[in-house]
1. Quick one: check the C-alpha center-to-center distance for segment C:54-83 versus segment B:298-370, whole angstrom.
2. Report, by chain and number, residues whose modeled amide H sits under 5 Å from the one on B:Met187, excluding near sequence neighbours (fewer than 5 apart, same chain).
3. Considering the zone a paramagnetic label at C:Thr171 would reach in this model (a point 7 Å from Cα along the Cα-to-Cβ line), which residues of segment C:147-162 have amide N under 16 Å from it?
4. Could you tell me whether segment C:215-327 comes out rounded, prolate or oblate from its Cα gyration tensor? Rule is a ≥ b ≥ c as square roots of the eigenvalues, rounded for a/c under 1.5, then prolate if a/b exceeds b/c, otherwise oblate.
5. In peptide B:164-171, what is the residue-averaged number of other protein chain Cβ atoms found within 10 Å of each Cβ?
6. Collect residues whose amide H, placed 1.01 Å from N in the peptide plane, falls under 5 Å from the amide H of A:Leu280; neighbours closer than 5 in sequence don't count.
7. Can you compute the modelled spin-label distance between B:Arg108 and A:Asp265, with each label point 7 Å from Cα toward Cβ, in nm?
8. Take the Cα radius of gyration of chain A and divide it by 2.2 N^0.38 Å, with N its residue count; two decimals is plenty.
Amino acid sequence: MARLELEGVSKAYGGIAAVSDVDLTVEDNEFFCIFGPPSCGKTTLLKLWLGLRQPDRGRVLIDRRDMAGILPGERDLAMVFQNLALFPHMSAKENIAFPLRERGAPAAEIERRVADAANRLHIAPLLHKNPGQLSGGERQRVAIGRTLVRDPRAFLMDEPIAALDARLREEMRVELKRLQRELRHTLIYVTHDQEEAMSIADRMAIMREGRIVQTGTPDEIYNAPVDRYVATLVGSPPMNVVGGRLSNGSFRDAEGRISLALAADCPDGPVDLGIRPEDLHLVAGEAAPQDIRGEVQVIEPLGAFTIVDVMVGATLLRIDAPGQPDLRLDQPVALKLRPDACYLFNPADGRTIWPHRCQTRR
Amino acid sequence: MSSIDLIGLGKSFNAVTAVKDLTLSVRDKEFIALLGPSGCGKTTTMNMIAGIETPTTGEIRFNGIDISRIAPNRRNIGFVFQNYAIFTHLSVFENLAFALRVRRLARREIDRRVREIAALMQLSDRLDWPSSRLSVNEMQKLAIGRSAIAEPAIFLLDEPLSNVDAAFRVFMRAELKRIQRTLQQTMVYVTHDQTEAMSLADRIAVLDRGLLQQFDTPAAVYNRPRNTFVARFMGSPAMNLLEGNLVGLNGAMVFEAGAKGRLRLDLGEAERLANAGAKQRILLGIRPEDILLARPDAGEEGLTLPINFIEPIGPRTILHLGDSAAELKVVTGKRVPYRIGEAVKLVMPAERRRYFDPASGLSLDAGGERSGQHGQA
Amino acid sequence: MSAGSESPAVAAATAAAGGGRLADALGPRLTRRIGIATTLPTQLLLIFIIAFPTLVTVYISLTAWTPLDGITWVQAYTSWSWFDNYIEIFQDGRLGGAILRTLFIVAVAVTSEFLLGFGLALLFVDKFAFRPIYYSLFLLPMMVVPAVSGYMFLILFQSTGPINQLISFVTGHPFEMVWLTNRTTATIAVIAADVWQWTPMMFLILLAGLIGVPQDQIKAARLLGASWGQILTRISLPRIRAVIVIAIGIRFIEALKLFDVMFIMTKGGPGVATETLSLYIYKRTFGDLEWAYVAAIGLTIVIVMSLAAIATLSAVRRIKARRAAAA
């Protein structure tokens, strides 16, 4: 429904830079996630779009119009906060109807729109209840319903499901994505849960200390991270990073326990090797000479998969093994991996130097 | 020695029964999880163990001794609240020292032990800070350290990781295990997150609406759930449950799932079900990661459904198939050669299938019941 | 728990910069102009009501004018005497006595009120049966007009009054002390009247403070092994430090103005045994009609009380600053 942009935006609070030099474009109808650790500036970006804060430098644009001087109430954006801010003394129905009553819409239309929103969100049988009588997930949906009825240009959500039970979070994120697809609204969604961001975003932006580090589809972020920070931030358990040297396209770690022929066309020198836990496979049966050997340190069975910490000399590698492999503590194991699943990072600045597909500009 | 025995424990608030007839035993130095959705009674149970709530019925014993008359401040247990309840008007040092100060220990002893715990919790360089200035993650560590310093034999944690960010949660899981092993304590951990429970606990007690559903090792609870509640609560995503009929066809037993298709049961399965007294209507359970994908025209037997949603979550992908009324989920690898709308055949290996009685919800697979009680709410 | 993803430091800096959302949207200059315009009428009114009488008082205090002179106050400059009145303040033995007596009575009264009020507040923190009824009962004394309570205690403390009768009943011997003609007992009686009337205020303020102590922290302290006494001294009291300072500060400054009760019960007697500052001023103003001298006294009192108020506020501010610097 709307295209939201930030052009060269910076904002500082009392000398502390909250966001610096941010360029961001969220296309029409996109489900866009902003992801990063706490206090990286994600909420500030939302506030800049909403008009609750003015940028010190740069421009805030909605549908290519500069929003400077335009009050928050006039921007036609809807915001869902983490604490929902539902009116406790009103029923769910009255909560949802509130924005329409404020605008003086006719009663018949209010009825129609509230019923429509309630049906879409599957909360029609709960309309007469007060927020205090609803579960977390139901309250969540009432809060969304309240923003839906205004038919805003875009939705902004700040960690809306972070406070819910784990199981409910899994279901709600699918619901939200389905809803967004159905409504065809632009949705900007802030989260600190990387699995959530990966699952529902059309595109996402990774932030660090007020700056955007990388933007792209979840697939691009996951499989072509632009530096070590992004690579270790997305994916759980985090990517394993091992320090070592590259010579003639082959990697060797400091102790010589990990040697890989990578055919990397990079200059010789010190590098950090990155390999994702799911790309390390336990060798069943005979180990080949090039496989990595180590001992099992920790076994974390999580049902569908098992996280195994393997000690390779002084290096700890975490692997994500499917199912529930039969392992004992201190058992010697061999690991194999595909060379094309590895990443090489520059130890000085962390930038990815190989594979080259990771080196596109953010 | 610090075992915990809950015997017929129950708690009611006026008309509402929060916990009903709970009996389980925690062994010395065991790490158990009380797992269940909101309102299942896990926090109430823990409050009763701590002494903050008094049981309506039943007994609680530490090392075989009934502790119901002992005041909470004399039970020598560590307790970490969900909101940490840090003493915000005190410094980090004073927070950690609190338990020792109220026991009137000597100043030098207090100093030594505070520094020890601070090192263990990685808060050494924050000791002089006002505790309100800590980040949420650091407050977490402080809450744990504050309770740990008194070296309680029993440690109770009430959803301690629910307020921290996802990345820190993963880190703290490992830390908690390390701390528990270092301090050699019996730990009772309340959570609604089954991943956390699987990762941390030696045994998991699954609760639903005040009743114990199953109390067993993570592997047992995951692989041999006693009933549909446990089956669906464990695992992310939840186990798929298909409604269908058992019919005889050409001398073999077949599971018929309406229009979706049918599956032939092998001899072992058929025998097990017959022994368990299975009726015609039955629930077939299979975990999303156990389903194999094949093209619709492939030779294997399976159910063919269209894909309606794809969730890529990094190392794995979750596929949603079917319609919203009866959706099935499949977990597969990173790269998925299918698109939304495509029909895919779901192959369900016989050894991964579980069966449940639709009326009672109980599992029809025999074997391995070392768990607690019966009880579907 | 976390309100979005803004760090505490950033949020604090925003608040400190005085920026609200509307202010941010309107821009600094427009915000300032609107601010000045909307507060101007009130500021003018305040100037008139407060500043003007104060200036008149200062003016008169620098003269030796009394209404007995036969001229209006505007012409008081004719008996200009500079700081004579102020010098006389320091030489006035009766004034000194009144001040000391006032301080003594107030100190004893406020301390008693604090201890009683705190004790009551502790009792009321946890729910018990019929708490709301007891609550209303305990607040009643505060609702009584001070003059009426003065009369009440005057009657109570008569030599044939209820208090003596009660003591006679309890001890078994007839007890007929004449409370209000003896220096010590008159002081006690007056203090009793004040304590009865104003303990509820202390009780209210302190109860509000105690209720504000987070329940979670009390539970946590309990589970860490603290007894109820230790919880009181280590958790509750430190947290309500600011509230205690405010309660004592308010009550102290109010008590210095003690008048109605004194006037009705003892009129400052016997002799000047219970003559407080306000009674003394009353007598000089309406008895001796020395308005210039009284003006000087009044101003001096205002200055001293302002200093006391500033001291209270800065103590509170120091407590808050320590906590804010932490945040």
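Read-outs: derived from the displayed coordinates by stated rules, not from any lab. As the structure is a prediction and not an experimental result, all values here were calculated from the model. Backbone-built Cβ (ideal geometry, glycine too); neighbour counts: all protein chains shown.
1. Answer, in whole Å: 99.
2. Residues meeting the criterion, in which the H sits 1.01 Å from N, are B:Glu30, B:Phe31, B:Ile32, B:Phe155.
3. C:157-162
4. Numbers: a/c = 6.04, a/b = 2.28, b/c = 2.64.
Since a/c reaches 1.5 but b/c is at least a/b, the shape of segment C:215-327 is classed as oblate.
5. 6
6. A:Asp320
7. For B:Arg108 paired with A:Asp265, the spin-label model returns 7.0 nm.
8. On the way: Rg = 24.3 Å, N = 362, 2.2 N^0.38 = 20.6 Å.
Here the answer is 1.18, to two decimals.
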